[in-house]
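J.: Please find one structure pasted underneath; my questions will follow.
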Amino acid sequence: MAQQVKAIRGMNDILPENIHYWHRIEGTVRSLLGRYGYGEIRMPVIEKTELFKRSIGEVTDIVEKEMYTFNDRNDESLTMRPEGTAGCVRAAIENGLLHNQTHRLWYQGAMFRYERPQKGRYRQFHQIGAEVFGMDGPDIDAELILLSARLWRELEIDSMVTLQLNSLGSSESRVIYRDKLTSYLSERKDQLDEDSLRRLESNPLRILDSKNPAMAELIANAPKLTEELDDESKQHFDELCRILDAAGLKYEINPCLVRGLDYYSKTVFEWVTDALGAQGTICAGGRYDGLVTQLGGKETPAVGFAMGIERLAVMMQESGIEGKDHYPDAYLVQVGERAMQQGMIIAEKLRDALPGLRLITHCGGGSFKSQFKKADKSHARFALILGDDEIDKGEIGIKPLRAGDGEQKMLPINAAIEFLQQQI
Ligand code: ATP
Ligand code: MG
């Protein structure tokens, strides 16, 4: 046998047995965002490398070491998108979306990061994101947070997640804070780990984000960004908290929440869970008022979030929450020459009469016994039985496969259709 070609490490196949979680998540998000008036946008998977360097920032984990970057045949540097915001902003500028009414956008799709694969962390993963342009008030920040909270309720995972909130202030106030933090940390260089020493020069705020327990105390005692907030950012943050309070949404203010990307300002938030071990963030976002100009557009305030579908799917699976109902209603068993000749035609008749019917038609022959085994395995509710006897009488056998669904019976085809209509 020829040697198998394997998938790339950290890039997963999502199999039919698990796809129902994805369908429920994607279907719920699509419906929810539609109800809030968000329009879907689909961007290319590959963009010019410069787009990510300029938006995410040169000294971030993503740009420093996680991007899939290559030169194409024309020697142009291209990158598989590591996140959706940069491409969405590019598309919004390029297509003139910022000047008309299309201000609330959402997208979904595959993202690529060269990270160490582990549970909840992959090299190809999938995000659903929402971005809103042209609104600078805390009301829209609140809308994004409230709609994500509603999503957790609709997915039945709301009891497992908590909201963390912080404000990064304006870029000016962050410069002042950065100096304070740098001098605090520089005086304690001996307590910094290798990663943090590197970041001390390039991106000291990211040190606050460190998960290294040995640095927890150092970080807890560091000067707080919230104490340096400029008045406008402070007001914005207070008003956001007021709306969330009034809506009865609980949150925790986490002064160490800084997010890994450069483009954020003012509001940042994360939805976190204890249910997933180390990879506890299921959704993260914030305001990025400077990014549109940074990418060549007119000054436009913006705010958004992105969530990871893999982590949501694992959460649902591990807590026993069902995805979208995905089992067939019926499995058509057909034994005997005439039954096999008619089976496909009768199945089509059933589908004509019952457009919503999820019906698997057995193909490939075999005994009643082996076909019933397959019917059972399919998790169908009913086995529909066609033997030569049934064909002679113009009837169809109906055998319930789950407890509580009554006795086996034989019905004329029209009566069988009526019966199934009541069941599905
Ligand atoms: P983390 O701190 O977990 O690395 P991040 O800050 O890099 O997250 P974002 O860029 O904000 O993550 O992406 C938003 C969401 O996308 C995350 O909360 C997570 O659910 C998901 N996500 C990010 N990176 C990965 C990955 N490599 N594999 C699976 N999901 C991911
Ligand atoms: Mg990351």
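The values are calculated or read from the model by the stated rules, or taken from the named source; none is laboratory data. A quick note: this is a predicted structure, and the numbers were derived from the prediction, not measured. Using ideal geometry, Cβ is built from the backbone for each residue, glycine included, and neighbour counts are taken over all protein chains shown. Only protein heavy atoms, including side chains, enter the accessible area calculation; ligands, DNA and RNA are left aside. Shrake-Rupley method; radii C 1.70, N 1.55, O 1.52, S 1.80 Å.
J.: To the nearest whole percent, what portion of all C-alpha pairs in segment 104-200 is separated by more than 16 angstrom? Mind showing how you got there, number by number?
T.: On the way: 3551 of 4656 pairs.
Distances greater than 16 Å cover 76 percent of the Cα pairs.
J.: Also: Could you run the Karplus curve 6.51 cos²θ - 1.76 cosθ + 1.60 with θ = phi - 60° over segment 222-231 and give me ³J(HN,Hα) per residue in whole Hz, x for Gly and Pro?
T.: Residue by residue, segment 222-231 yields 5, x, 9, 4, 4, 6, 9, 4, 5, 4 Hz.
J.: Also, quick follow-up: Can you tell me which of A130, A214, A347 moves the most in a GNM of the chain? Springs connect C-alpha atoms under 10 Å apart.
T.: Among A130, A214, A347, the largest mean-square fluctuation in the Gaussian network model of the chain belongs to A347.
J.: Oh, and also: Is the shape of segment 330-423 rounded, prolate or oblate, going by the alpha carbon gyration tensor and its root eigenvalues a ≥ b ≥ c, with a/c under 1.5 for rounded and a/b larger than b/c for prolate?
T.: On the way: a/c = 1.36, a/b = 1.08, b/c = 1.26.
Rounded.
J.: What is the set of long-range amide H partners of N12 at a cut-off below 5 Å, with H atoms built 1.01 Å from backbone N?
T.: Q124
J.: Could I ask something else about it? Calculate the dipole size of segment 60-198 relative to its Cα centre from +1 charges on Lys and Arg beta carbons and -1 charges on Asp and Glu beta carbons; express the result in debye to the nearest 20. Provide the component values of the computation, followed by the final result.
T.: Details: 18 positive and 24 negative charges, 60 e Å.
About 280 debye.
J.: Classify segment 1-134: rounded, prolate or oblate, from the alpha-carbon gyration tensor (a ≥ b ≥ c, eigenvalue square roots; a/c under 1.5 rounded; otherwise prolate if a/b is larger than b/c)?
T.: In terms of gyration-tensor shape, oblate.
J.: Determine the sum of side-chain charges near D388: Lys and Arg each +1, Asp and Glu each -1, restricted to other residues whose C-beta is under 13 angstrom from that of D388.
T.: Overall, the nearby charge balance is -3.
J.: From the phi angles alone, apply the Karplus equation (6.51, -1.76, 1.60; θ = phi - 60°) to segment 149-165 and give each ³J(HN,Hα) in whole Hz, x where the residue is Gly or Pro.
T.: 4, 5, 4, 4, 5, 5, 8, 6, 10, 4, 6, 9, 10, 10, 9, 10, 9
J.: With charges only on Cβ, +1 for K and R and -1 for D and E, what is the dipole size of the chain about its Cα centre, in debye, rounded to 20?
T.: It works out to roughly 1040 debye.
J.: Roughly how big is segment 282-424's charge dipole about its Cα centre, with Cβ charges of +1 (Lys, Arg) and -1 (Asp, Glu), in debye to the nearest 20?
T.: Computed charge dipole of segment 282-424: roughly 280 debye.
J.: Going through the cross-link list K53/K298; K373/K409; K349/K374; K211/K234; K65/K211, which pairs have a Cα-Cα distance over 24 Å in this structure?
T.: With Cα atoms farther than 24 Å apart: K211/K234.
J.: Let me ask another. Check F382: other-chain or 5+ apart residues with amide H under 5 Å from its amide H, H built from backbone geometry?
T.: Amide H neighbours of F382: A330, Y331, L401.
J.: Another question, then. In whole percent, and with a 1.4 Å probe on the protein chains, what portion of the accessible area of the chain is carbon and sulfur?
T.: 48 percent
J.: Follow-up question, since we're still on this one. If you filter segment 226-329 for trypsin sites (Lys or Arg not before Pro), then keep DSSP loop positions with at most 15 other Cβ within 10 Å, what is left?
T.: Counting only loop positions with at most 15 other Cβ atoms within 10 Å, the trypsin sites (Lys or Arg not before Pro) in segment 226-329 are K250, K298, K324.
J.: Could you identify which residue out of D329, D389, D179 has the top mean-square fluctuation in a GNM of the chain using Cα springs shorter than 10 Å?
T.: In the Gaussian network model the winner is D389.
J.: Okay, next question. Roughly how much of K349 is accessible, in Å² to the nearest 10, using a 1.4 Å probe?
T.: Its heavy atoms expose roughly 120 Å² to the probe.
J.: Using each residue's phi in segment 194-210, evaluate 6.51 cos²θ - 1.76 cosθ + 1.60 at θ = phi - 60° and report the 3J(HN,Hα) Karplus result to the nearest Hz, with x for Gly and Pro.
T.: Couplings: 4, 4, 5, 4, 5, 6, 3, 7, 8, 7, x, 4, 5, 4, 4, 7, 4 Hz.
J.: Same structure again: State the Kirkwood hydrodynamic radius of the chain in Å, one decimal place, computed from all pairs of distinct Cα atoms.
T.: Radius from the Kirkwood sum: 25.0 Å.
J.: Under a 5 Å amide H to amide H cut-off, with H placed in plane at 1.01 Å, what residues pair with K266 once short-range neighbours are removed?
T.: Answer set, sorted by chain and number: L168, G169, S170.
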